[in-house]
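Read through the structure below, which is laid out as structure tokens, and then see the notes.
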Amino acid sequence: MLLTNSSEHDGPLAGRTALVTGASRGIGQAVALRLAADGATVAVHYGTDRAGATATLAEIEAAGGGGFVVGAELGVDGDIDALFDGLAVGLAGRPLDILVNNAAAEPAGPIEATTPEQFDRLFAVNVRAPYFIIQRALPLLPAGGRIITLSSVAARMANATQTSFAMTKGAIETMSRTLANELGVRGITVNAVAPGATRTATNGAYFEAPGIENFLAGMTALDRLGEAADIADVVGFLASPDARWITGQVLDASGGLFLGPRI
């Protein structure tokens, strides 16, 4: 189902369009809301949670913004075609100014427990899908376009429970640097954002386990868990004209997670 609306918001992104994958909840939802608040018309993508995406769009519209919903399960055959078929209807001939690759599969566990099926699923959703989404988006992206992909601090710190997940995020960071060098001549910036421990409505139960919040906050320089809005604001900055001279970078948006011992 596709819902459309035009944004009349003023703001740094007024008149621009954005696609946010995995925008039905969590960080993706916060990013969609932030870009819409800044004036962009947002394509709110979902994989399976259509109700969540519709709720995201309703919140955007209630605040005076605009966008449309597009559904496509990533990591399966035909996923990119389905996504861009829906996107084409919503864009109605307009360019795509901002692409945010946020959708990702969850960590599969330590190497002893990871199955080949879980490993393949992680790479299909976290690496293959963003790569081919970017490939299909390139003809739609004008000069001044933005490509922003969500990485993770898991790519810079050792965590035995997230080895395969961290591998996918390392691939994303390499892709972003390489594409930044290639696409700069077109005036397109390519960056990654690496969240740390971030509490959202969907993962809140994990942080309620005894001692977890205090443990993670104690490893974080700013002494608290992140919130989805913390990450969305970083993405909003990279999408804005103010970030025009930043490309090929991984912005750590973890509040300083695991910088070293706090003595």
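Any read-out appearing in this document is the output of simple, stated calculations on the displayed coordinates, not a laboratory observation. Note that the coordinates shown come from a computational prediction; the quantities given were computed from them, not determined experimentally. Please note: Cβ atoms are built from the backbone with ideal geometry, for glycine as well, and neighbour counts cover all protein chains shown.
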Interchain or sequence-distant (5+) residues whose placed amide H lies within less than 5 Å of the amide H of residue 96 are 141
Of 11, 211, 39, the most mobile residue in a GNM of the chain (C-alpha springs, cutoff 10 Å) is 211
Expressed in nanometres to one decimal, the distance between label points 7 Å along Cα→Cβ at residue 112 and residue 59 is 3.9 nm
Here the membrane-span-like helices of the chain, with no claim about any membrane, defined by DSSP H, Cα axial extent at least 27 Å and mean Kyte-Doolittle at least -1.0, are 163-183
The local net charge around residue 203, scoring Lys/Arg +1 and Asp/Glu -1 for residues other than residue 203 whose Cβ lies under 11 Å from its Cβ, equals 0
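On full extension of the chain, what length is gained from residue 157 through residue 14, given 0.36 nm per residue of separation minus the C-alpha to C-alpha distance?
Values: separation 143, 0.36 × 143 = 51.48 nm, distance 3.78 nm.
Taking residue 157 through residue 14 to full extension adds about 47.7 nm, to one decimal.
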With the label point 7 Å along the Cα-to-beta-carbon line of residue 259 and a cut-off under 15 Å to each amide N, the hits in the range 192-208 are 196-197
For the range 222-263, shape from the Cα gyration tensor axes a ≥ b ≥ c, cut at a/c of 1.5 then a/b versus b/c, turns out oblate
Between residue 66 and residues 5 or more places away or on another chain, the pairs with built amide H atoms under 5 Å apart involve 7, 42
Rounded to whole angstroms and listed largest first, the alpha-carbon spread of the chain along its three principal axes comes to 53, 39, 37
For the range 106-113, in residue order, the Karplus 3J(HN,Hα) values (coefficients 6.51, -1.76, 1.60; θ = phi - 60°; whole Hz; Gly and Pro = x) are 6, x, 9, x, x, 4, 5, 10
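Where in the range 214-263 are there chymotrypsin sites (Phe, Trp or Tyr not before Pro) that are in a DSSP coil and have at most 12 other Cβ atoms within 10 angstrom of their Cβ? Numbers along the way, then the final one.
On the way: sites: 215, 237, 245, 258; in loops: 245, 258.
Answer in residue order: 245.
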Calc'd 3J(HN,Hα), the range 191-202, phi into Karplus 6.51 cos²θ - 1.76 cosθ + 1.60 (θ = phi - 60°), Hz, glycine/Pro = x, comes to 9, 10, 10, 10, x, x, 6, 10, 8, 10, 5, 8
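Starting from the Cα-Cα distance between residue 206 and residue 178, subtract it from 0.36 nm times their residue separation and give me the gain in nm to one decimal. Walk me through the numbers on the way to the answer.
Values: separation 28, 0.36 × 28 = 10.08 nm, distance 3.50 nm.
Difference between extended and current length: 6.6 nm.
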Using alpha carbon centers only, the range 166-199 is separated from the range 208-263 by a whole-angstrom value of 16 Å
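Relative contact order for the range 155-263: what is it in percent, counting Cα pairs under 8 Å that are at least 6 residues apart? Working shown, then result.
On the way: 128 pairs, mean separation 38.2, N = 109.
Worked out over the range 155-263, it gives 35 percent.
Tell me, Kirkwood radius of the range 121-232 from alpha-carbon pair distances, in Å? Don't jump to the answer; show the numbers that get you there.
On the way: mean 1/r = 0.0636 Å⁻¹.
Its Kirkwood hydrodynamic radius stands at 15.7 Å.
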For residue 220, other-chain or 5+-apart residues with amide H closer than 5 Å (H placed, Pro excluded) are 258
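What dipole magnitude, in Debye to the nearest 20, does the range 182-263 give about its Cα centre under +1 on Lys/Arg Cβ and -1 on Asp/Glu Cβ?
That gives a dipole near 160 debye.
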Inter-part gap, Cα centre of the range 109-160 to Cα centre of the range 10-39, in whole angstrom, is 20 Å
Candidates 82, 18, 40; GNM for the chain (alpha-carbon contacts under 10 Å) flags as most fluctuating 82
The chain: antiparallel bridges as % of DSSP beta bridges, rounded to 5, reads 5 percent
Distance in nm between residue 50 and residue 233 label points, each 7 Å along Cα→Cβ, equals 3.6 nm
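May I ask you to order 51-62, 107-118 by the average number of other C-beta atoms within 10 Å around their residues, highest value first?
Details: 51-62: 18.8, 107-118: 12.9.
Listed from highest to lowest mean packing, they are 51-62, 107-118.
Over the chain, what is the relative contact order in percent, taking alpha-carbon pairs closer than 8 angstrom and at least six residues apart? Walk me through the numbers on the way to the answer.
On the way: 564 pairs, mean separation 47.8, N = 263.
Here the relative contact order equals 18 percent.
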